[in-house]
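Peer 1: Below is one structure. I have some questions about it.
The values are calculated or read from the model by the stated rules, or taken from the named source; none is laboratory data. Remember, it's a predicted structure, so these values are computed and weren't measured experimentally. Please note: Cβ atoms are built from the backbone with ideal geometry, for glycine as well, and neighbour counts cover all protein chains shown.
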Amino acid sequence: MSKEAKIRDKEGKAWLYTDVVKDHFFNPKNLLKHGEEENYNADASGRVGSPACGDEMALWLKIDKKSERITECKWQTFGCASAIASTSMLSVMVTENGGMKVDDALKIKPQDILARLGGLPARKVHCSVLGDQALRTAINDWFQKTGQNQRIINV
Amino acid sequence: MDHAATTPVDLAVKKAMDPYFCQHYANPSGLYQSSREVNGALNDARRKIAEILHALPDNIIFTGGGSESDNLAIFGAARKHQKSGKHIITTKIEHHAVLLPIEQLQKEGFEITFLDVDECGRVTAEQVKKALRHDTILVSIMYANNEIGTIEPIAEIGKEILKWRKQNNTSYPFFHSDACQAAGSLDLNVEKLHVDLMTINGSKIYGPKGVGVLFKIRNVDILPLIFGGGQEMRLRSGTENVPGIVGIAKALENARKNSKKENLRLRKLRDYFWQQIQDKIKKVRLNGPELGDETVRLPNNLNVSILDVEGEALLLYLDEYGIMCSTGSACTSQSLEPSHVLTACGLPYEYAHGSLRFTLGKSTTKQDIDYIMEYLPGIVERLREVSPVNLTCDPKKNFHPKYHQR
């Protein structure tokens, strides 16, 4: 067994995914460790998918009520490399530069996550679709918890 | 660790093939001296394989691989004999090279019985007997399964079919078996197996890729898929792949010589591997038949489900350490459906997504397994840390698990 073995795609590229995907897969950012969920005191949370369909994501948010900026975004994902990497990337996107405003975060599309990842193989694109769904579910949860039911949107 | 996908070409095989690339390259159909020599090598290979199979040389058709042999057997027999009946029996866990041609025939008006398998992937001769009808023209059941290593009772099924033919005074149905996974380790005596058609390929037995054999008993007529120069008794036109054919004969010969000792070695290694996994990783499940009985499972196959993590993610981590294996997870398939074999065995999707298949080979040593076990538990732990899923059912019990959402 050689240590140099690499998964090659059909064009002969050394890795099926971009370096960005690889980095987020092997070094996921903003992961919420097991056992820390209870004490994390999230302002909102969301969960989509199920292990039966192959992907499941859980997302926890901390949101500053005054500025409506997302200050923290933690997550856990069951799924393949692209599912893990796209949740990780999403968590970076919503918290960088002082945090994204809730209204802007609601506008995130799978394409935006894909663009930041440098693309995914075509049949893997659906994995990142779950990420933005989980985010909207979590934000809806926040609307509900803060008594802003009129702002709840369709996921 | 993925020898069921393919094997390297054995050096002795490569050596046997070498002269037929540049030196003895003549077309075996020619009438001159050099052609006759090459034709002699071709016939030697045919004779050698026939001997191993306890068949006659004219029962051996060389093809372009296992998939082609399966297609030729199924389309060839079904289309030739459709006037006598349009019913075919097969199983739910066949290789796609069998399943898809049969599904194509279904679209063309054939009626198909897809036999269920038990939780280990086994069908019984009794099931086949019950499914037999007066318009059944073909039964196709694999000798051993590529994903979970289940060995099907081909000889018993063959006997049932013989009995049926005798009782009903008919020559139908014909019996085909895909033996690609079995060829390296199991008995290929067609007289004992009672098969009329049998598929073997080179690339699973340390032989070359792109060459296969279809064994076809003399009194079964089939239609060719490829028409042209009339090679292979008019059943497979095209200039013969002589180096490949010489190679597959040598590979099969080697496999026969060493299989007993090698099977024992592989089983010991495989069993040690499974023990290590059980000792070092929690919540794992063996997929397929028990390991203890050599008559029910291929010696080199280990298929396990590791709960709460997904197979492709595991695979990519392992690949980083130079460890290569496969998974039944949907994420690696083009269709995004999990393994049809694992789901046919009644395995819930959650388990299929976390399945890993290790298939050991000639070069695999205990050191290799110890190397894997250095990293696998840590990788699983890492991915479980990332995962929000916590399946709570006893993995040994094969029912749909409940999982909690934290």
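Peer 1: Which residue pairs have Cβ atoms under 7 Å apart, sit 6 or more places apart or on different chains, and have a first residue in region B:133-156 that is assigned by TED's automatic domain parsing to the domain that holds B:Leu360 and crowded, with 24+ Cβ neighbours inside 10 Å and a second that is part of a helix (DSSP H, G or I) and basic (Lys, Arg)?
Peer 2: Cβ pairs passing all conditions: none.
Peer 1: How many of the residues making up region A:46-70 are under 15 Å from the mean Cα position of the chain (by Cα) and more than 14 Å from chain B (Cβ to nearest Cβ)?
Peer 2: Total meeting the criteria: 3.
Peer 1: Keeping to region A:128-155, report how many residues are free of Cβ contacts under 8 Å to residues at least 40 places away in the same chain and over 20 Å from A:Gln76 (Cβ atoms).
Peer 2: 9
Peer 1: Only one of B:Ala73, B:Ala78 is under 22 Å from B:Lys204 (Cβ atoms), aliphatic (A, V, I, L, M), part of a helix (DSSP H, G or I) and touching a residue at least 60 places away in the same chain (Cβ under 8 Å); which?
Peer 2: On the way: B:Ala78 fails: under 22 Å from B:Lys204 (Cβ atoms).
The unique qualifying residue is B:Ala73.
Peer 1: Only one residue in B:Leu302, B:Leu291, B:Leu266 is assigned to a strand (DSSP E or B) and either more than 20 Å from A:Gly79 (Cα to Cα) or more than 14 Å from chain A (Cβ to nearest Cβ) (or both). Which one? Please lay out each step first, then the result.
Peer 2: Values: B:Leu291 fails: assigned to a strand (DSSP E or B); B:Leu266 fails: assigned to a strand (DSSP E or B).
From the options B:Leu302, B:Leu291, B:Leu266, the qualifying one is B:Leu302.
Peer 1: Please determine whether any residue of region B:313-334 is within 11 Å of chain A (Cβ to nearest Cβ), buried (at least 19 other Cβ atoms within 10 Å of the Cβ) and among the charged types (D, E, K, R).
Peer 2: no
Peer 1: Another question, if that's okay. Can you work out which of the residues in region B:261-279 that are free of Cβ contacts under 8 Å to residues at least 60 places away in the same chain and in contact with a Pro (Cβ under 8 Å, 6 or more places away or on another chain) is nearest to B:Met373 (Cα to Cα)? Reasoning before the result, please.
Peer 2: First pass over region B:261-279, keeping only residues free of Cβ contacts under 8 Å to residues at least 60 places away in the same chain: B:261, B:264-265, B:267-268, B:271, B:274-275, B:278-279.
Next cut, in contact with a Pro (Cβ under 8 Å, 6 or more places away or on another chain) only: B:264, B:267.
Details: B:Leu264: 22, B:Arg267: 18 Å.
So, considering only residues that are free of Cβ contacts under 8 Å to residues at least 60 places away in the same chain and in contact with a Pro (Cβ under 8 Å, 6 or more places away or on another chain), the one nearest to B:Met373 (Cα to Cα) is B:Arg267.
Peer 1: If you scan region B:345-367, which residues turn out to be touching a Phe, Trp or Tyr at 6+ places or on another chain (Cβ under 9 Å) and assigned to a helix (DSSP H, G or I)?
Peer 2: B:Glu350, B:His353, B:Lys366 - these are the residues of region B:345-367 that are touching a Phe, Trp or Tyr at 6+ places or on another chain (Cβ under 9 Å) and assigned to a helix (DSSP H, G or I).
Peer 1: Might you let me know whether region B:386-405 holds any residue that is modelled with pLDDT under 90, surrounded by fewer than 22 Cβ atoms within 10 Å (Cβ to Cβ) and at positive phi?
Peer 2: Taking region B:386-405 first, the residues modelled with pLDDT under 90 are B:386-405.
Those still in the list that are surrounded by fewer than 22 Cβ atoms within 10 Å (Cβ to Cβ) too: B:390-405.
With at positive phi added as a condition, the list becomes none.
No, that holds for no residue.
Peer 1: Kindly check whether there is at least one residue in region A:24-44 that is of a type in the set (Ser, Thr, Tyr) and either at pLDDT 90 or above or closer than 16 Å to B:Val309 by Cα (or both).
Peer 2: No: region A:24-44 contains no residue that is of a type in the set (Ser, Thr, Tyr) and either at pLDDT 90 or above or closer than 16 Å to B:Val309 by Cα (or both).
Peer 1: If you check B:Ile60 against the conditions, is it in contact with a Lys or Arg (Cβ under 6 Å, 6 or more places away or on another chain) and either surrounded by 15 or more Cβ atoms within 10 Å (Cβ to Cβ) or among the acidic types (Asp, Glu) (or both)? So that I can check it myself, show each step before the final result.
Peer 2: Details: in contact with a Lys or Arg (Cβ under 6 Å, 6 or more places away or on another chain): yes; either surrounded by 15 or more Cβ atoms within 10 Å (Cβ to Cβ) or among the acidic types (Asp, Glu) (or both): yes.
So B:Ile60 fits the description; yes.
Peer 1: Can you tell which of B:Gly346, B:Gly354, B:Gly361 is touching a strand residue (DSSP E or B) at 6+ places or on another chain (Cβ under 9 Å) and surrounded by fewer than 24 Cβ atoms within 10 Å (Cβ to Cβ)?
Peer 2: Values: B:Gly346 fails: touching a strand residue (DSSP E or B) at 6+ places or on another chain (Cβ under 9 Å); B:Gly354 fails: surrounded by fewer than 24 Cβ atoms within 10 Å (Cβ to Cβ).
Answer to the check: B:Gly361.
Peer 1: Also, I was wondering about something else. Condition check: surrounded by 14 or more Cβ atoms within 10 Å (Cβ to Cβ), free of Cβ contacts under 8 Å to residues at least 12 places away in the same chain and in contact with a strand residue (DSSP E or B) (Cβ under 8 Å, 6 or more places away or on another chain). Does B:Ala55 satisfy that? It would help to see each step written out before you state the result.
Peer 2: Working: surrounded by 14 or more Cβ atoms within 10 Å (Cβ to Cβ): yes; free of Cβ contacts under 8 Å to residues at least 12 places away in the same chain: no; in contact with a strand residue (DSSP E or B) (Cβ under 8 Å, 6 or more places away or on another chain): yes.
No; evaluated as a whole, the condition is false for this residue.
Peer 1: On to the next question. Could you tell me how many of the residues in region A:83-98 are within 13 Å of chain B (Cβ to nearest Cβ) and in contact with a strand residue (DSSP E or B) (Cβ under 8 Å, 6 or more places away or on another chain)? Can you show your working first?
Peer 2: Our first condition is that a residue be within 13 Å of chain B (Cβ to nearest Cβ); within region A:83-98, this holds for A:83-88, A:91.
Pick out the ones that are also in contact with a strand residue (DSSP E or B) (Cβ under 8 Å, 6 or more places away or on another chain) and you get A:83-84, A:87-88, A:91.
Total satisfying the criteria: 5.
Peer 1: So which residues in region B:189-199 are touching a His at 6+ places or on another chain (Cβ under 9 Å), surrounded by fewer than 23 Cβ atoms within 10 Å (Cβ to Cβ) and in a loop (DSSP other than H, G, I, E, B)?
Peer 2: Passing the criteria: only B:Asn189.
Peer 1: Could you please give the count of residues in region A:86-109 that are in contact with a Lys or Arg (Cβ under 8 Å, 6 or more places away or on another chain) and closer than 30 Å to B:Ser355 by Cβ? Please lay out each step first, then the result.
Peer 2: Of all residues in region A:86-109, those in contact with a Lys or Arg (Cβ under 8 Å, 6 or more places away or on another chain) come to A:88-89, A:91-93, A:98-102, A:106.
Filter once more, so that each one left must be closer than 30 Å to B:Ser355 by Cβ: A:88-89, A:91.
Count: 3.
Peer 1: For region B:353-377, what are the residues that are more than 8 Å from every other protein chain (Cβ to nearest Cβ) and farther than 25 Å from B:Pro338 by Cα?
Peer 2: Across region B:353-377, the qualifying residues are B:Gly361, B:Lys362, B:Ser363, B:Thr364, B:Thr365, B:Lys366, B:Gln367, B:Ile369, B:Asp370, B:Met373, B:Glu374, B:Tyr375.
Peer 1: So, one more: So which helices (runs of 4 or more DSSP H) stay within region B:1-56 end to end and still have 1 or more residues that are more than 20 Å from B:Lys209 (Cα to Cα) and basic (Lys, Arg)?
Peer 2: Values: elements: B:11-17, B:19-22, B:33-53.
It comes to B:33-53.
Peer 1: Follow-up. Could you tell me how many of the residues in region A:38-60 are assigned to a loop (DSSP other than H, G, I, E, B) and more than 20 Å from A:Gln144 (Cα to Cα)? Steps first, answer last, please.
Peer 2: The initial filter retains those residues of region A:38-60 that are assigned to a loop (DSSP other than H, G, I, E, B), namely A:41-43, A:51-54.
Cutting the leftovers down to more than 20 Å from A:Gln144 (Cα to Cα) gives us A:51-54.
Number of matching residues: 4.
Peer 1: Right, something else. For region B:253-283, enumerate the residues that are touching a Ser or Thr at 6+ places or on another chain (Cβ under 8 Å) and surrounded by fewer than 20 Cβ atoms within 10 Å (Cβ to Cβ).
Peer 2: Step one: filter region B:253-283 for residues touching a Ser or Thr at 6+ places or on another chain (Cβ under 8 Å), giving B:255, B:259, B:262-263, B:266, B:269.
Listed by number, the residues that qualify are B:Ser259, B:Glu262, B:Asn263, B:Leu269.
Peer 1: Right, B:Lys250: crowded, with 23+ Cβ neighbours inside 10 Å, out of contact with any Lys or Arg (no Cβ under 7 Å at 6 or more places or on another chain) and not in a strand (DSSP E or B) or not?
Peer 2: So B:Lys250 passes the test.
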